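K.L.:
Next up is a structure, given as structure tokens.
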Amino acid sequence: ARKPQVVIVATGGTIAGAGASATNSATYQAAKVPVDKLIAGIPELAQVAQVRGEQAFQIASESFTNEQLVELARRVSSLAKNPALDGIVITHGTDTLEETSFFLNLVVKTDKPIVLVGSMRPGTSMSADGMLNLYNAVVVAGSPEARGKGTLVVMNDQIHSGRDVTKRVNIQTNAFYSQWGPLGMVVEGKTFWFRSPVKRHTTASEFDIDAVTALPAVHIVYGSGSMSPELYQAAAKAGAQAIVHAGTGNGSVPNYAVDMLKALRSQGLHIVRSSRVGDGFVLRNSEQPDDRYDWVVAHDLNPQKAKILAALALTKTRDAKELQRMFWEY
Ligand SMILES: NC(=O)CC[C@H](N)C(=O)O
């Protein structure tokens, strides 16, 4: 039978990392091993797909810029238009994998599986996880059941929605977690599905990377006890067109910071209330009168995901009500 055609677009990260010895599981250099060497190291890939590699970047993911995000998405969009291709795998550092997976979920117009994958240990380490993660990612990318589900993240035998997933644990291999649960699992070269995403994505999204050339700056300010309202001002000075408030609890704002946020909103910046808590969601007019202040709430999107959606939303609208609609729908 014809094997699915899968392209592996490599961007760096620990899955391409190398350490000095087999006991170096956490001390190593990310983004060292080229994609062709990663593929050559897993001969079993040939049993599940016809694979070729493409080196997009060779970086640690914390160094991703908006420019690289747009460039990667444009490349993925163009690959997805190739009728001979069944699926795309993207190897990526784990630190900002959740930003890239959400971004691609919103802007690439395709039903084809787009699967992001990383690893927590470099390939030189004992019990390295990258080899099986990459094999599993190729299996998912070649699987017809994976079509139409938006971008997917495959790590630690689990298949997550690229929208929901977040890096929750560092050091350990069970690093990725979705508040609403993984979509399925991949075991011994087979996929097992249990749920589907309900939020708008890919073909049903109003965003299209072929029409986006740049993203406006959006910055995150972290909430805590005894914080400084001047941090919001600094974000505005740094060019932010929206500020994501990574608030305490339900996205709460200190009483002494409210005036600053109101002033910035009156200057045209958008204020998006998210939460530093991780799980749960922020509701409008809980903690602060969002209707009165014309602020937006991030719903269940964590601050870094809210930053991605806010940036894309601002390529379409300056209206806070429209922004809020998008935060409900995506
Ligand atoms: N486990 C990892 O991939 C982390 C390595 C690096 N910080 C990155 O995100 O690329």
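K.L.:
Since Ser21 meets every condition but one in (1) more than 16 Å from the ligand (Cβ to nearest atom); (2) within 20 Å of Gly142 (Cβ to Cβ), which condition does it not meet?
P.N.:
Exception for Ser21: condition (2).
K.L.:
Of the residues Ile8, Ile42, Ile15, which single one is more than 14 Å from the ligand (Cβ to nearest atom), touching a Leu at 6+ places or on another chain (Cβ under 7 Å), of a type outside the set (S, T, N, Q) and within 19 Å of Leu132 (Cβ to Cβ)?
P.N.:
Ile42
K.L.:
I need the full set of residues from the stretch 58-94 which are of a type in the set (D, E, K, R) and in contact with a strand residue (DSSP E or B) (Cβ under 7 Å, 6 or more places away or on another chain), in order please.
P.N.:
Across the stretch 58-94, the qualifying residues are Arg75, Asp86.
K.L.:
Taking the conditions exactly as written (buried (at least 24 other Cβ atoms within 10 Å of the Cβ), assigned by TED's automatic domain parsing to the domain that holds Leu45 and either of a type in the set (Asp, Glu) or assigned to a helix (DSSP H, G or I) (or both)), does Val153 satisfy them or not?
P.N.:
Considered against the rule, which asks whether it is buried (at least 24 other Cβ atoms within 10 Å of the Cβ), assigned by TED's automatic domain parsing to the domain that holds Leu45 and either of a type in the set (Asp, Glu) or assigned to a helix (DSSP H, G or I) (or both), Val153 comes out as no.
K.L.:
Still on this structure, I have one more. Go through the stretch 150-178 and give me each residue that's more than 14 Å from the ligand (Cβ to nearest atom) and either of a type outside the set (Val, Ile, Thr) or free of Cβ contacts under 8 Å to residues at least 24 places away in the same chain (or both).
P.N.:
Gly150, Leu152, Asp157, Gln158, His160, Ser161, Gly162, Arg163, Asp164, Tyr177, Ser178
K.L.:
Just checking, how many residues over the stretch 265-296 are polar (S, T, N, Q), surrounded by 15 or more Cβ atoms within 10 Å (Cβ to Cβ) and in a loop (DSSP other than H, G, I, E, B)?
P.N.:
2
K.L.:
Follow-up. For a quick check of your reading: which strands (runs of 3 or more DSSP E) sit entirely within the stretch 15-123 and have at least 3 residues that are farther than 30 Å from Ala1 by Cβ and in the same structural domain as Val165 (by TED's automatic domain parsing)?
P.N.:
Ranges flagged: 50-59.
K.L.:
Also: Kindly indicate whether any position in the stretch 158-166 is among the hydroxyl-bearing types (Ser, Thr, Tyr), under 25 Å from Ser275 (Cα atoms) and assigned to a loop (DSSP other than H, G, I, E, B).
P.N.:
Taking every residue of the stretch 158-166 in turn, none turns out to be among the hydroxyl-bearing types (Ser, Thr, Tyr), under 25 Å from Ser275 (Cα atoms) and assigned to a loop (DSSP other than H, G, I, E, B).
K.L.:
Then there's this: For the condition small (Gly, Ala, Ser), within 19 Å of the chain's Cα centre (by Cα) and modelled with pLDDT of 95 or more, what is the one hit in Ser252, Ser226, Ser274?
P.N.:
Only one candidate passes the filter, namely Ser274.
K.L.:
I'm trying to understand the selection: among the residues of the stretch 77-116, which are out of contact with any helix residue (DSSP H, G or I) (no Cβ under 6 Å at 6 or more places or on another chain), of a type in the set (Gly, Ala, Ser) and within 16 Å of the ligand (Cβ to nearest atom)?
P.N.:
Ser101
The values are calculated or read from the model by the stated rules, or taken from the named source; none is laboratory data. This is a predicted model, so every value here is computed, not measured. Here the Cβ is made from the backbone with ideal geometry for all residues, glycine too, and neighbour counts use every protein chain on show.
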